[in-house]
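Structure first, then comments.
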Amino acid sequence: MELIDTHCHIDVAEFDADRDQVLARARAAGVCAQVVPAVDQAGWDGLLALCRRERDLLPALGLHPIYLERHRPEHLDELQRRLAEERPLAVGEIGLDYFVAGLDRAAQQALFEAQLRLAAAAGLPVLLHVRKAHDPVLATLRRLRFPCGGIAHAFSGSRQQADQYLDLGFRLGFGGSVTYDRALRIRALARELPLTAIVLETDAPDIVTAAHRGERNSPEYLPEVLAVLAELRDEDAATIAARTSANARAVLRMWPVTTV
């Protein structure tokens, strides 16, 4: 089985000591590709260099809403240039975060809209970070008529919100949260949504699976997410692996887009 981790921060410092070993274990576990989203301009060069060195790591460039204090207006100009020169897989990680106290919502909104416009102009999908903000994110996507789709990362909204994302050309990312017995709403969604809606992710080093609670998360744990999905849906794991990988390839326009 080949799995695609659609959201993994393998470039961050938490992996500096053993990144090569982690990548080797992930590949041995069947992870054939990892999408690596940026969070700030300072990390772009290192992220791109890593993805050039490891061909199964695929870059996304963006400015994360949590790190507003790191972002400058000129970073948007540089993002526009990088999108044209580097042609990353997607723009991300971008979005709105209403969970973290004290984040300026107006500044988040302006940053989000600016990056959506850059993504639309470049013809690239987006990787969305959304916490306690699905309705304003959906409203923004509709108002701007964003045409390129993408992935709602670590989806935790309602079924109604899920359907709205799907109508707008997005897929929904499921990762470590679904492995916890108490995550009732997420597990219900994983069970009820059409398989065409779902892509897999780890968000490593964050959102670790239940079996590794308290540890650093790792892309090698992606098969654990797959196993829980197979159990919840009472479907064959190989079928879920193939379909979710095809979903990722389609929405992110990866090689090759296949029909399963």
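Values in this text are rule-based calculations from the coordinates and carry no lab data. Given the structure is predicted, the values throughout are model-derived calculations rather than measurements. Using ideal geometry, Cβ is built from the backbone for each residue, glycine included, and neighbour counts are taken over all protein chains shown.
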Can you give me the relative contact order of the chain as a percent, contacts being Cα pairs under 8 Å and 6 or more apart? 20 percent
Measuring from its Cα centre, the chain shows a charge dipole (+1 at each Lys and Arg Cβ, -1 at each Asp and Glu Cβ) which, in debye to the nearest 20, is 700 debye
Can you list the residues, at least 5 places off or on another chain, whose amide H is less than 5 Å from the amide H of ARG171, using H built in the peptide plane? GLY150, ILE151, ALA152
Determine, at each q value in 0.18 (inverse angstroms), the log₁₀ of I(q)/I(0) that the Debye formula gives when each Cα of segment 155-260 is one equal point scatterer. -0.87
When only DSSP loop residues count, what trypsin sites (Lys or Arg not before Pro) in segment 21-76 have their Cβ near at most 15 other Cβ atoms within 10 Å? ARG55
The value for segment 1-106 (convex hull of the alpha-carbon atoms, volume per residue, Å³) is 117 Å³
What residue among ALA26, ALA90, ALA122 shows peak mean-square fluctuation when the chain is described by a Gaussian network model with Cα springs under 10 Å? ALA122
In order through segment 112-118: 3J(HN,Hα) via Karplus (6.51 cos²θ - 1.76 cosθ + 1.60), integer Hz, x for Gly, Pro: 4, 5, 4, 6, 4, 5, 5
Value of Rg/Rh across the chain [Cα atoms, Kirkwood radius]: 0.93
The chain, Gaussian network, Cα under 10 Å: of LEU232, LEU200, LEU116, the residue fluctuating most is LEU232
Applied in sequence order to segment 23-32, the curve 6.51 cos²θ - 1.76 cosθ + 1.60 (Karplus, θ = phi - 60°) yields integer Hz couplings, x standing for Gly and Pro, of 4, 4, 5, 5, 4, 5, 7, x, 7, 8
